[in-house]
Amino acid sequence: MADLAEVTRLIEPAAEAEGLSLVRVKMIGGTSDPTLQVMAERPDTRQLTLDDCARLSRRLSELLDEAEASGRDPIPHAYRLEVSSPGIDRPLTRLKDYDDWKGHEARIVLAEKLDGRKVFSGEISGTEGDTVLVDVQGLGPTGLPFAAIQSAKLAMTDKLIKATAPLSAEGADEIAVEPHPGEGRGPGSDSELDPGLRRGADNEETEED
């Protein structure tokens, strides 16, 4: 099983050296297509250009190859590496995201039910300590423990589109894909950036209400 905490510890300094901030590190694709998805952004623009994407992908691939060669690979199986922008309807993974995107709509899913429900949709009101404040549709102002949140993302609205319109769309939802051999795979690793960047979705799981 992939140790995502160790993956994050390993790659975060490399991202910061490129002037980038990690948004999310996640394994997607299940057993049929295991993929390490790294979402990153420039803090000043909240986007990732294609050049940013390519540079970070190469740098992370080299780091992960070095970790594997030294017996410290946190992902003990073959997988692909994807580096992408969070996009407009971005996932909310850090407590500060709820302050940064205050006033915008979001869909928040809890790991366990709170007052009989797991899914809360509404306008973000910011944070108070470790609590996320949301004006939930049909419920009103609600506090949700940040530690209880399983997943959350911004809802695509006209207000959000207008707020992000001045930003360049270059790089949004573009993914740089590199194979990584991992343990147990035969010889031969392509360490070069795949020349074909493919367009990918956010790959969020669909949670039940």
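The values are calculated or read from the model by the stated rules, or taken from the named source; none is laboratory data. Predicted model, so just to flag it, every value in this text is computed and none were measured. Methodologically, a virtual Cβ is constructed for each residue, glycine included, from the backbone with ideal geometry; neighbour enumeration extends over all protein chains shown.
Results for (1) under 23 Å from ILE28 (Cβ atoms); (2) in the same structural domain as ARG46 (by TED's automatic domain parsing); (3) at pLDDT 95 or above; (4) charged (D, E, K, R), shown as yes or no for each residue.
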position: LEU92; (1), (2), (3), (4): yes, no, yes, no
position: ILE108; (1), (2), (3), (4): yes, no, yes, no
position: LYS118; (1), (2), (3), (4): yes, no, yes, yes
position: GLY122; (1), (2), (3), (4): no, no, yes, no
position: GLY129; (1), (2), (3), (4): no, no, yes, no
position: LEU144; (1), (2), (3), (4): no, no, yes, no
position: ALA147; (1), (2), (3), (4): yes, no, yes, no
position: ALA172; (1), (2), (3), (4): yes, yes, no, no
Report summary line: Selection from region 149-164 of residues more than 14 Å from PRO86 (Cβ to Cβ) and more than 18 Å from the chain's Cα centre (by Cα) yields THR157, ASP158, LYS159, ILE161, LYS162, ALA163
Report summary line: Of the residues in region 29-63 that are β-branched (Val, Ile, Thr) and farther than 27 Å from ILE161 by Cα, the one that is surrounded by the fewest Cβ atoms within 10 Å (Cβ to Cβ) is THR31
Query raised in the report: When both residues are 6+ apart or on different chains and their Cβ atoms are under 9 Å apart, which pairs have a first residue that lies in region 27-40 and is closer than 22 Å to LEU10 by Cα and not assigned by TED's automatic domain parsing to the domain that holds SER61, and a second that is assigned to a loop (DSSP other than H, G, I, E, B) and at pLDDT 95 or above?
Result: none
Query raised in the report: For region 114-156, how many residues are of a type outside the set (A, V, I, L, M, F, W, C) and in a loop (DSSP other than H, G, I, E, B)?
Result: 6
Query raised in the report: Quick check, is THR35 β-branched (Val, Ile, Thr) and out of contact with any Lys or Arg (no Cβ under 9 Å at 6 or more places or on another chain)?
Result: no
Report summary line: Per the filter on region 13-27, residues surrounded by fewer than 18 Cβ atoms within 10 Å (Cβ to Cβ) and either within 15 Å of the chain's Cα centre (by Cα) or of a type in the set (Asp, Glu) (or both) are GLU16, GLU18, SER21, MET27
